[in-house]
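The values are calculated or read from the model by the stated rules, or taken from the named source; none is laboratory data. Being a predicted model, the structure only gives us computed values, none of them experimental. All Cβ positions, even for glycine, are placed from backbone atoms using ideal geometry, and neighbour counts span all protein chains on display.
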Amino acid sequence: MNDTEALEITTPTEREVVVRRLFDAPPGLVFDALTKPELLERWYGPPGWTLVVCEVDLRVGGAFHFVSRREDGKDVGQRGVYREVARPGRLVNTEWWDDWNPGECLVTTVLTEQDGKTRFTSTTLFPSREVRDTILDSGLRNGAPALYAKLSACLAARA
């Protein structure tokens with residue numbers, strides 16, 4: 001497999017979405033790209049969006065706050081609290097949005113070394129099937145491949 005592998009998005013239960021991809025980088029680097037503001041600012045958000053606020057308190061009980069600015073100038077805020085931080089292989093956090101609060105999501109990200117690369121698996125548990133489907137239909141299916149391509153490019157530059 002190479003780093004251009006397609007992103008896989010599945011819905012194993014009524015409330016979950018699982019995102020999988022192989023990255024051509026070691027797990028420690030992928031973990032850092034998911035948690036360090038100076039790296040998140042390089043890739044986080046859909047193409048054309050910029051991360052204008054990136055606050056990360058990477059510890060159990062610590063919080064994060066992201067604000068992404070869309071091309072039309074509208075800001076989209078996202079927050080969460082870290083429940084588990086186990087570099088380089090596991091990150092668990094809650095997540096919710098500033099302008100739309102359908103309830104808290106729980107995101108479990110597992111990074112597994114595979115022949116010098118990283119198998120990324122992120123499972124999001126939504127508060128309901130309706131919220132899961134709203135997120136899927138509002139851009140996850142179409143936007144996630146471009147988002148993770150940006151992450152791949154960040155990793156290729158070896159951050």
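Select from region 23-61 the residues that are in a loop (DSSP other than H, G, I, E, B), among the charged types (D, E, K, R) and either touching an Asp or Glu at 6+ places or on another chain (Cβ under 7 Å) or over 28 Å from Lys74 (Cβ atoms) (or both) and list them in ascending order.
Listed by number, the residues that qualify are Asp24, Arg59.
Kindly evaluate Val107 against the criterion of being under 24 Å from Arg21 (Cα atoms), without any contact (Cβ under 8 Å) to a residue 60 or more places away in the chain and either part of a strand (DSSP E or B) or not aromatic (Phe, Trp, Tyr) (or both).
Yes.
Hey, any hits in region 3-15 for a residue that's at pLDDT 95 or above, surrounded by 13 or more Cβ atoms within 10 Å (Cβ to Cβ) and over 23 Å from Arg129 (Cα atoms)?
no
What is the residue count in region 150-159 for residues that are surrounded by 14 or more Cβ atoms within 10 Å (Cβ to Cβ), at pLDDT 90 or above and over 12 Å from the mean Cα position of the chain (by Cα)?
Total meeting the criteria: 3.
Which condition breaks for Ser128 when tested against (1) more than 17 Å from the chain's Cα centre (by Cα); (2) closer than 24 Å to Leu22 by Cα?
Just one mismatch for Ser128, condition (2).
Return the total of residues in region 84-135 being small (Gly, Ala, Ser) and over 20 Å from Thr10 (Cβ atoms).
4
Within region 111-143, restricting attention to residues that are in contact with a Phe, Trp or Tyr (Cβ under 8 Å, 6 or more places away or on another chain) and either of a type in the set (Val, Ile, Thr) or more than 25 Å from Phe31 (Cβ to Cβ) (or both), which residue is surrounded by the most Cβ atoms within 10 Å (Cβ to Cβ)?
By that ranking, first place goes to Thr118.
Tell me which residues, restricted to region 120-159, are β-branched (Val, Ile, Thr) and not in a helix (DSSP H, G or I).
Passing the criteria: Thr121, Thr123, Thr124.
Among the residues of region 8-16, is there at least one that is under 14 Å from the mean Cα position of the chain (by Cα) and in contact (Cβ under 8 Å) with a residue 24 or more places away in the chain?
yes
Taking Val81 as the residue in question, decide whether it is touching a His at 6+ places or on another chain (Cβ under 7 Å), surrounded by fewer than 18 Cβ atoms within 10 Å (Cβ to Cβ) and under 24 Å from Glu104 (Cα atoms).
When the stated conditions are applied, Val81 does not pass them.
More than 17 Å from Ala149 (Cα to Cα), more than 13 Å from the chain's Cα centre (by Cα) and modelled with pLDDT under 95: is that true of Pro102 in this structure?
Criteria met by Pro102.
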